[in-house]
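Notes for the one structure printed next.
Throughout, read-outs are computed from the coordinates displayed, never taken from laboratory work. Everything numeric here is computed off the predicted structure, so don't read it as measured data. Heads up, the Cβs are rebuilt from the backbone with ideal geometry, glycines too, and the neighbour counts pull from every protein chain shown.
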Amino acid sequence: MAYEDEPKIIHQHINVPDIKKIDVYEAHDGYQAWRKALSEMSGDDVLNEVKASGLAGRGGAWFPTGMKWSFMPKPVFPKYLVCNCDESEPGTFSNREIVIKHPHILLEGFMLGCYAIGCNHGYIYVRGEFMQGYATLRRALAEARARGYVGKNVLGSGFDLEITLHVGAGAYICGEETALLSSLEGDRGQPRLKPPFPAVEGLYAKPTSVNNVETLSNVPFIIGQGAAAFRQWGTEKAPGMKIVSVSGHVNKPGNYEVPVGTSIRKILEEYAGGVLGGKGIKVFFPGGSSTPMLTPDKLDTPLDPQSITAAGSILGTAGLCIFDEDVDVVKVTHRLLRFYKHESCGKCTPCREGNDWLVAILNRLAQGRGKDGDADLLVDMATNIAGRSFCLLGDAAATPVLSSIKNFREDYEKHITNPIEEKVFIPLTSGNGH
Amino acid sequence: MPDLVTVTIDEQKVTVPKGSLVIEAATQIGIDVPRFCYHPKLSAVGMCRMCLGEVGMPKMNPDRTPALNEDGTPQIAMMPKPQTLCTTQAAEGMVVLSETPAVVKMRQAVLEFLLANHPLDCPICDKGGECMLQDQTMAYAQGHSRVQDLYHLRRDLDKDYLLSEFITLDRERCIQCARCTRFLDEVAQDPVLELVARGSRTMIDTMSDPPVDSKYSGNTIDICPVGALTSRAFRFRSRVWEVKNVPTVSMIDGSGTNIFVSQRNETLIRVIPRDNEAINECWISDRDRFGLEYIDNDARLTYPLVRRDGKLEPATWDEALQLVTDKIKAAKEQRGANSIGAVGGPKLTNEGALSMARLFGDVVGTPNVDAGWTPTITTPGKPPATFYEELEGADVILVLGANPNEELCSLDLRLKKAAFQRKAHLINCNPYKTPLDRLARQSLIYNEGSEVALLNGLAKLVHQSWTAEPAQTEALRNNVEGRAGATAWIDSLGPYSSNRAAELAGISEPDLRAAATAIAGSERLFLLVGEDVSPAVLSTLQNLAALKGRSDYLVVLHPEPNAVGVRRAGLAPREGGLDGQGMLDATFKGNLKVLYIAANNPLHWAADYDLAQRALQTAEFVVVQTLFENELTEHADVVLPAASFMEQDGTTTNFHGKVQNLKQVFRPRERRDDDGNTLSACAPDWIIFTKLAQLLGKDFGYTRVGDWTQQFKALPALTPNEVRFTPVTYEASPAVAPEGTFQLLTGNLLYDGGESFPYCDRLNRVVPEPFVYINRADARKLGIENLALVEVKSARGAVQVRAKLGREVKAGTVWMPRRLRAVQVNRIIEVDKPYTAVTLTKLQDAPPKETLPADMHAVGVGEGTPVDMNISTAVVP
């Protein structure tokens, strides 16, 4: 079956023209789940339905959403739902497409989430660089407000809901939930100590749940069609669909919503049209740039969290980055490390100083002026960062270094004398759609 | 008793209260966990990653029972990642490994990272020798560097970025531990330093204007683990191991702050805090830190001066003391001892004050002895011995008529801690806004002079809660019933309904009610009152304290260092004697002939400048015992050079009655000839007074300061307050401010440019230009803009100052610092009226003056003839 004919959840109507307008969205069953929830269900019913669906956090941690919501202490008010729309992982661009093309499905899911946890004021934190998404969301929110889906006494149900959009100042670290909350409060976007976890003391020291765009966008379907309908796809441990962002050396890069557990080879060859120029694959990231690289012998791995972990990597956000056989792994690592160095928040020593240093060594390798033992030095440095930093950014930065040296040490040895060839172009993100 | 948990750290077991951090538990059993960002007084952040350790918890079986090994010991599941011990809370059964090879490697790694961009300019770094990075590098780092070949990539940053008059920042040395920013945010509550930029470009910077505008900024220098924040006064002056740190107590303000004075070659190098949890914890104010430089100033008097032919000339100690003796004897013979008056000051040590009191009271026999020029109230009972502990444990704190931020720095920090960390309900009552209002749950800005009405209103509401809340009834009934004066007092509260009290005090009735509710419901009430309020207000507060059964928790705040000690030593009018104010009057009227002034200055401190000046001119013989020549010594017939508190041993008493030892840091300042022979020196007050007594025919037989200390300690101890009630009625001020005038409020300023300021280079630069706070609305009506030059005119006189607009004062009032450099408010204040009405006139604008007028620097005395030194520094011959 061609990709277009496969069943989908979020992407079902994403290519309908003007689906970002509320009339078109409503014509495609939009806001039916929200109406249903308000008229027929209590907040706990919504929560239980989400719990039953087995929906897990699509932001990369794959933590069961229903469980996360049920951690919120019931008697404390106010509590907050925050949507993490700070997608900035290189190689991941699924949220972006949802927000730009299909903002109402996110808003509807967000409203359902607020209803489920009893939150009367939710925040959508939009990445600083993502102005187009912010503008789209703002228009969509205004439309939803005009129709009475947001505001005092929503649709006569007695439930008050206010939604605030907030734009960050542009920082990768603000995708980390506690840093996001700090930034939302107006502080420096730096991660906070856990515990206390956000479910206990989050935004303004009140119970807070932070959820990803894609996670929330799945909720309207779950409420509308029921948990069983959601569970028809995916694996037992991770039901549902996942939008896979395919980028790199492929013929048709883009977002593909596939059942969790679809094999990587199928996504690559059937949907994304195979590798550019019919070349072989040297290496790929299964879940965005922070996940360990895998070699082509792992291509038949099913794309679900457990299988990918068993294969030696992490599913993460399912940002599938494909690199063909001619790619220079040192250059890939070098490029990624420059990103992480730039985005390190500076809070803890290993990440702040270590990334600087890793880049300095990779710089000299890139110039063909490396030293004997640089690979070992890099490994040692990266080991000193991984697991020692305050948040996972340090681990994310160390990962490409460690996994690339593990698999391709000879490339590093080569660059002790040979500079990187500049002509190789590595696209890490694609345009929109197919 | 809090829950206790037992953790095992490196195979040693330690039991600590639940919630303690592992790093604290480790310190308790002598295990040194290296750290940079962790500081026991600041929130834990886990930023530097130096204290990483391996942590494990007991394993649990599925049935929630502890899993055991075969030998019965609990199985431990180690956490997959190392944990920062400064953020990990101790839990029952936790196992911590802080010395494993893996942990050692982690420490090496963190140090390697920190040193990768550190300039390693230890040979010229002020912190060298007491630098945490240096120490921990020696202890834990690898012996070699792996970044030598990247040396050229080191960041090249500011080496001397001036943050304020006191602090400079070396950005290359900074390790981004955020201790400084956390101190200012959490302890000082002045968020004036901030981390800016991100990643490896992270650095600290200030956004405030004036920069780093905090009275406690110097503490960031101490807590900086490296040499990034350095003192501009200390910079490049000495290696820390070359100085001798002498422990003493700062006599700058009434807190009794514990300090180390670092001296080298009899020169003051720097001042650093000395930990004392009962007083100042580990913090000192900038005034303590930078305000002691005067000790080394060349303008210090080192020999007595005697007026000959209208001119002060150098004299020997013998000459000067003989002259004083003769004059006192003559006055006593001719007109009786009553014609002699002596006024000491709160800068005297306990021993100085006691010897002065004994000299004039017993030997000379005059009843005219006092410790100041204006009447002040004193704490009626005995303040709790563990004053700050009790204060931090208080649930409601009422502060009335005081501004600790400008007066008592240690107290200010404790109040901030109580309000911010311990969530105490702080009620700040003042006629104008103070920095404390930012933290106060309630600030009651009352009309100056209406304190009695306000407090009676509060007391009535609290007393009414007697019937309203049965739970409190019993306690209140016990506090009141059968006490002296209780019935009359309760009757006297009749007219002070909440509406009327609020109206009289000029505050809103709900605010008054809320404050009363808080006080009524409090279990550990604390009352703090400024020393300038009237005795009637103190009585009213005593009533309120007694009503709550907290009579001993009413403490008067004295901004001056030894205000409590000098009064206890006996510097107070004897039977039938005159107080300071009365002595000035009597001198002006010709009844008092000899005036002996030690460590005080009526021109600064008297309520009426003109009276003080006229009295000094009229007096027949004036002796001034002081550190510097100043305005006052121009009126003196004999000037005796006194030693400062750093040049003598002794004791001092702080505002809550704690007596602490002073230790001599320097020899009394001396004058030497070209060969280095000492010609003369200043002398501690107690030696001067002992010697004078000897000359007047009474030998106390005391040759060491310890003799006087013993005498001081033998004084009757303070007794707890007697609980009784005194009806106080509010008498509304009949005077109504004439149309177009403003009520003049005054208060203390920490940086008031007072007597020692001109001799402290750094501190002198932060003294503001004389100013007046005007309410914004009033200023708009008068067309006065911010920083405009205005004339403040009362019936007595006028001064020219800068206008500062804001909401610090209510409409209809203006506020001026009581003593600020050249502009002395006591030149315009009307002493005999309930308050001073002033008019404001905008003057032609002139640019704000930045620098100190040249004449403020006292001119040093000329060479003069060498004199014999006949009074030694430590022992009376």
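Of note:
- Longest to shortest principal axis, alpha-carbon extents of chain B, angstrom: 99, 81, 62
- Part-to-part distance (alpha-carbon centres) for the stretch B:429-454 and the stretch B:537-582, which is given in Å: 21 Å
- Among B:K589, B:K127, A:K347, a tally of other beta-carbon atoms within 10 Å of each Cβ gives an order, fewest to most, of B:K589, B:K127, A:K347.
- Of all lysines in the structure, the ones whose alpha carbon falls short of 18 Å from that of A:K237, not counting any fewer than 8 places away in one chain, are A:K51, A:K68.
- Distance between the C-alpha centres of the stretch A:172-199 and the stretch B:99-119: 27 Å, rounded to the whole angstrom.
- 19 Å cut-off, amide nitrogen to a point 7 angstrom out along A:A52 Cα→Cβ, residues in the stretch A:222-242: A:222-241
- Rg over Rh for the protein assembly as shown works out to 1.05, using Cα positions for both radii and the Kirkwood form for Rh.
- Of the residues B:A486, B:P404, B:S508, the one whose Cα sits farthest towards the positive end of the charge dipole of the stretch B:387-557 is B:S508 (charges of +1 on Lys and Arg Cβ, -1 on Asp and Glu Cβ, taken about the Cα centre).
- Three principal axis lengths of the stretch B:235-318 [C-alpha, angstrom, descending]: 54, 31, 22
- Unsatisfied cross-links (Cα-Cα over 24 Å) in the set B:K781/B:K810; B:K215/B:K417; A:K79/A:K101: A:K79/A:K101
- Stretching the chain fully between B:E319 and B:E722 yields a gain of 140.1 nm (0.36 nm per residue, less the alpha carbon separation).
- Within 10 Å of each Cβ in B:109-118, the average number of Cβ atoms from other chains: 6
- Set of the stretch B:487-526 residues, backbone N closer than 11 Å to the point 7 Å along the Cα-Cβ line of B:A475: B:519-525
- Chain A: Cys lacking any partner C-beta under 4.7 angstrom: A:C83, A:C85, A:C174, A:C321, A:C345, A:C348, A:C351, A:C391
- Computed over the stretch A:227-297, the ratio Rg/Rh where both radii use C-alpha atoms and Rh is Kirkwood: 1.01
- For the peptide A:379-392, the mean number of other protein chain Cβ atoms found within 10 angstrom of a residue's Cβ is 3.
- Modelled spin-label separation between B:T100 and A:F63, with each label point placed 7 Å from Cα along the Cα-to-Cβ direction: 2.5 nm.
- Built from the Cα atoms of the stretch B:399-481, the convex hull projects on average onto 6.7 nm², one quarter of its surface area.
- Gyration tensor over the Cα atoms of the stretch B:149-296: the corresponding equivalent ellipsoid has semi-axes (square roots of 5 times the eigenvalues, largest first) of 28, 19, 13 Å.
- Average beta carbon contacts from partner chains per residue of B:85-92, 10 Å cutoff: 1
- Across every direction, the projection of the convex hull enclosing the Cα atoms of the stretch B:258-404 has a mean area of 13.8 nm².
- Overall dimensions of chain A by Cα: Rg and Dmax, Å: 21.8, 72
- In plain terms, the chain from B:Q710 to B:R422 could stretch by 99.7 nm, reckoned as 0.36 nm per residue minus the Cα-Cα distance.
- Protection proxy ranking, peptides B:771-778, A:389-396, A:141-148, average beta carbon neighbours within 10 Å, highest first: A:389-396, B:771-778, A:141-148
- Theoretical FRET efficiency, 1/(1+(r/R0)^6), r = Cβ-Cβ of B:L120 and B:D491, R0 51 Å, to 0.05: 0.10
- The Rg/Rh ratio for the stretch A:3-231, using Cα coordinates for both the radius of gyration and the Kirkwood hydrodynamic radius, is 0.93.
- Net charge dipole, chain B: roughly 940 debye, given to the nearest 20, about the Cα centre with Cβ charges of +1 for Lys and Arg and -1 for Asp and Glu.
- Taking the square roots of five times each eigenvalue of the Cα gyration tensor of the stretch B:4-99, the equivalent ellipsoid has semi-axes of 25, 13, 12 Å, listed largest first.
- Taking other C-beta atoms within 10 angstrom as a stand-in for reagent exposure, A:V244, B:V809 fall in the order B:V809, A:V244, fewest first.
- Ranked by the mean number of other Cβ atoms within 10 Å of their residues, highest first, the peptides B:411-423, A:49-61, B:350-362 come out as B:350-362, A:49-61, B:411-423.
- Extending 7 Å from Cα along the Cβ direction at A:N363 and again at B:D10 yields two label points whose distance is 3.9 nm.
- Nitroxide proxy distance, nm - points 7 Å out along Cα→Cβ at A:E162 and A:A142: 2.0 nm
- Counting every alpha-carbon pair across the stretch A:329-417, the share separated by more than 19 Å comes to 28%.
- For chain A, the longest principal axis of the Cα atoms and the long axis of helix A:349-366 meet at an angle of about 50 degrees.
- Per-residue packing, averaged as other Cβ atoms within 10 Å, sorts the ranges B:239-247, B:257-265, B:705-713, B:214-222 into the order B:214-222, B:257-265, B:705-713, B:239-247, beginning with the highest.
- Exposure proxy for B:T719, A:T235, A:T301: other Cβ atoms within 10 Å of each Cβ, ordered fewest to most, give B:T719, A:T235, A:T301.
- Reachable lysines from A:K341, criterion Cα separation under 22 angstrom, eight or more residues apart if same chain: A:K331, A:K371, A:K406
- Of A:Y340, A:I405, A:V76, farthest towards positive along the dipole that unit charges on Lys, Arg, Asp, Glu beta carbons give chain A: A:V76
- Whole-Hz couplings from phi, Karplus 6.51/-1.76/1.60, listed for the stretch B:214-223; x for Gly and Pro: 9, 7, 10, 4, x, 5, 5, 5, 5, 7
- Two-site FRET efficiency, A:F197 against B:A67, from Cβ-Cβ distance with R₀ of 25 Å, rounded to 0.05: 0.45
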